[in-house]
Amino acid sequence: MEKHEGDKLDEIDRLEPGHQFDVPVADRVLRLPPYLLGRINEQKYRKRREGIDIIDLGMGNPTDPPDPKIVQKLCEAVADPRNSRYSASAGIFNLRREVAIRYEKRFGVSLDPHKEVLATIGSKEGFSHMCLALMGPGDTCIVPAPSFPIHVYSPALASANVLQLEVTQPAKFLDQVAHICETLHPKPKVVIVNFPHNPSTTVVDREFYVELVALAKRFGFLILSDFAYADVCFDGYEAPSFLSVPGAKEVGVEFITMSKGYNMAGWRIGFCAGNAEMVRALATIKGYYDYGIFQAVQIAAIIALRHGEEARLEQSRIYQSRRDTLLRGLERGGWEVEIPKAGMFVWARVPLPWREKMGTMDLATKLLDEAEVAVSPGAAFGPAGETYLRMAFVEKEQRLQQAMRQINRCLRGESVGSKA
Ligand SMILES: Cc1ncc(COP(=O)(O)O)c(C=O)c1O
C-alpha cells in the first residue's frame, strides 16, 4: 500500500518541475473583459498596506453605521440558535410581506409576497442569477451605457449578446430601443434599466416607465429594473418605481437593496419583485445554488423596513450635504459636473487639458499615486464612460474637502499628501 502511494508520488514528482498543468477554464470566464474597478481597488489596498492614508471615493460602499435598532435586532437574532439553521432560499415570509408593505406605502404598488417577492443575497446576486434564468445563447439584451459592469457581465455570463445604448438622454434611449426592436432579428429579449443610474447619475420620471412598458408589450421584451438607488434621493426628488406603472408586472421585475439607504452593504440582502413567472424562474435557480440569507440578517431587515424610514431619510440628507461639499470642491478646480438628484456619486467630466493628456484609467492611477485619492475611472464603465471620473461621496465631509484639495492641487502640479 505504502509502495503504491510512493510510486504515485514519484510519478507526480517526475512531472515537476517545469511541467505546466493547464486548467481549462470555461470560455464564459475567458470571454469576460478585464475588471478595471478591481484593478484600482487592488492598487488602493496595496497603498493602504504601505501605510498611506488613501481617501476612498472609489466605491459606493457606505461608511456610516446602520440604525442601532437594526444592529440590536441582529444581535438578538444571532443569539437564537434556530437562526443558525439553513433558512428558506426565497427568504422568510414575514420579510417578503414587509417588502410588499413597503412597496404599497411608498409606491402604491400591490405585490403578492408569496409569488411576487423574493429575497436575494444583495441585489447584484439576484440580478445576475435572473440573467441566467432568462437568457442563453442567441438571446440579445439591451444595456445602458455607460454601464455598471454587472449589467454587461451578467448577460455575457449567461451567453447572451449585449447591445449597449447611451442612457444619459432617456427619451433618446427609448427611441433607440424602439428602433432596434423594429430592425433587429431576433428582437431583444431583455432590456435592462437602472435609474437613478450608476455611474452617470441620470434619473427619469414615471412617464419614462409608461413608455418603456408600452414598448415591452408592443415588442415582447422583458424588463429588468435595477433600482439600487431607490432610497438615496435629494432636493425633494423621489425616484419612481418601474413597478408603479400599470402593466409593469406583466413584463418585468425590479431589484432593490438594503445596501445603500440602510448602510447594510456587507449584510448582503436585497429583493426581486414583480412578474410572478420571472420571480419563480429566479427562485428555481437560487433553489439549486443557495440556501438563503442568514436568517438573523433577514429578521433584522424586517426591523429596518418596518422602523427604519426616518433613519433612511436622514441618511439621504447626509449624502445630499456630502454631495454639495464634493461639488463645491469640483467647481473650484474647474470641473464640469451635473448636480446628481440621487445616488452616491458625482459623474465628473475630466477638465479639458487632462482629457487630452491621458485616458481615465491612467488619470485614476495618477490620482491614487500622487493625490492619494481613489476614484473610479470612467473607462471601467465602458467606452461611453471615457473622459469621466466617478467619485463616491461616502466619506465624511472633512475627508471629502481634503480629497478635493488634494485632487485639485495634484492636477495643478503641486505635491500633496504624504509627498508634500
Ligand atoms: C446599480 C447598482 N446595482 C446593484 C448594486 C449592488 O447592490 P447590492 O449590494 O444590493 O448587491 C450596486 C452597488 O454598487 C449598484 O451600483
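The values are calculated or read from the model by the stated rules, or taken from the named source; none is laboratory data. Worth saying up front: this structure is predicted, and the values here are computed from it rather than measured. As a convention, Cβ positions derive from the backbone with ideal geometry for all residues, glycine included, and neighbour counts pool all protein chains shown.
Here are the numbers:
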item: Out of Glu331, Glu314, Glu372, Glu338, sole residue that is crowded, with 20+ Cβ neighbours inside 10 Å and acidic (Asp, Glu); result: Glu372
item: Selection status of Tyr237, under 30 Å from Val337 (Cβ atoms) and in a helix (DSSP H, G or I); result: no
item: Where Glu238 falls short, out of the listed (1) farther than 17 Å from Leu111 by Cα; (2) within 16 Å of the ligand (Cβ to nearest atom); result: (2)
item: Counted residues, the stretch 91-142 - those being of a type in the set (A, V, I, L, M, F, W, C), more than 24 Å from Gly247 (Cα to Cα) and either not assigned by TED's automatic domain parsing to the domain that holds Asp231 or not in a helix (DSSP H, G or I) (or both); result: 2
item: In the stretch 217-234, residue nearest to the ligand (Cβ to nearest atom) [restricted to those that are in a loop (DSSP other than H, G, I, E, B) and in contact with a strand residue (DSSP E or B) (Cβ under 9 Å, 6 or more places away or on another chain)]; result: Ala228
item: Number of the condition not met by Ala160 [criteria: (1) in contact (Cβ under 8 Å) with a residue 40 or more places away in the chain; (2) aliphatic (A, V, I, L, M); (3) more than 29 Å from Ala392 (Cβ to Cβ)]; result: (1)
item: Residue pairs meeting the criteria (Cβ under 6 Å; at least 6 apart or on separate chains; first part of a helix (DSSP H, G or I), in the stretch 253-265; second within 11 Å of the ligand (Cβ to nearest atom) and not aromatic (Phe, Trp, Tyr)); result: Ala265/Asn61; Ala265/Pro62; Ala265/Ser259
item: Selected residue [away from the ligand (no atom under 16 Å from the Cβ), modelled with pLDDT under 95 and out of contact with any strand residue (DSSP E or B) (no Cβ under 9 Å at 6 or more places or on another chain)] from His179, His185; result: His185
item: Test result for Phe148, free of Cβ contacts under 8 Å to residues at least 60 places away in the same chain, within 16 Å of the ligand (Cβ to nearest atom) and of a type in the set (A, V, I, L, M, F, W, C); result: no
item: Sole residue being in contact with a Pro (Cβ under 7 Å, 6 or more places away or on another chain) and at pLDDT 95 or above, chosen from Tyr229, Tyr237; result: Tyr229
item: Extreme residue, nearest to Val117 (Cα to Cα), among residues of the stretch 287-307 that are buried (at least 21 other Cβ atoms within 10 Å of the Cβ) and small (Gly, Ala, Ser); result: Ala301
item: Phe127, sole failed condition from (1) crowded, with 21+ Cβ neighbours inside 10 Å; (2) away from the ligand (no atom under 16 Å from the Cβ); result: (2)
item: Breaking point among (1) among the small types (Gly, Ala, Ser); (2) out of contact with any Gly (no Cβ under 7 Å at 6 or more places or on another chain); (3) within 24 Å of Pro66 (Cβ to Cβ), for Gly292; result: (2)
item: Close pairs (7 angstrom Cβ cut-off, 6 or more residues apart or separate chains): under 13 Å from Ile142 (Cβ atoms) and outside the structural domain of Phe148 (by TED's automatic domain parsing) in the stretch 168-192, of a type outside the set (Val, Ile, Thr) and loosely packed, with under 12 Cβ neighbours inside 10 Å anywhere; result: none
item: Residue in the stretch 73-87 that is within 16 Å of the ligand (Cβ to nearest atom), buried (at least 21 other Cβ atoms within 10 Å of the Cβ) and either in the same structural domain as Trp267 (by TED's automatic domain parsing) or not polar (S, T, N, Q) (or both) present; result: no
item: Selection within the stretch 145-189 - in a helix (DSSP H, G or I), among the hydrophobic types (A, V, I, L, M, F, W, C) and touching a Lys or Arg at 6+ places or on another chain (Cβ under 9 Å); result: Ile150, Ala156, Leu157, Ala178, Ile180, Cys181
item: In the stretch 245-286, residue surrounded by the most Cβ atoms within 10 Å (Cβ to Cβ) [restricted to those that are more than 11 Å from the ligand (Cβ to nearest atom) and of a type in the set (Val, Ile, Thr)]; result: Val253
item: Qualifying residue in the stretch 88-108 (condition: small (Gly, Ala, Ser) and within 16 Å of the ligand (Cβ to nearest atom)); result: yes
item: Residues of the stretch 24-59 satisfying the condition of being part of a loop (DSSP other than H, G, I, E, B) and modelled with pLDDT of 90 or more; result: Pro24, Val25, Ala26, Glu50, Gly51, Ile52, Asp53, Ile54, Leu57, Gly58, Met59
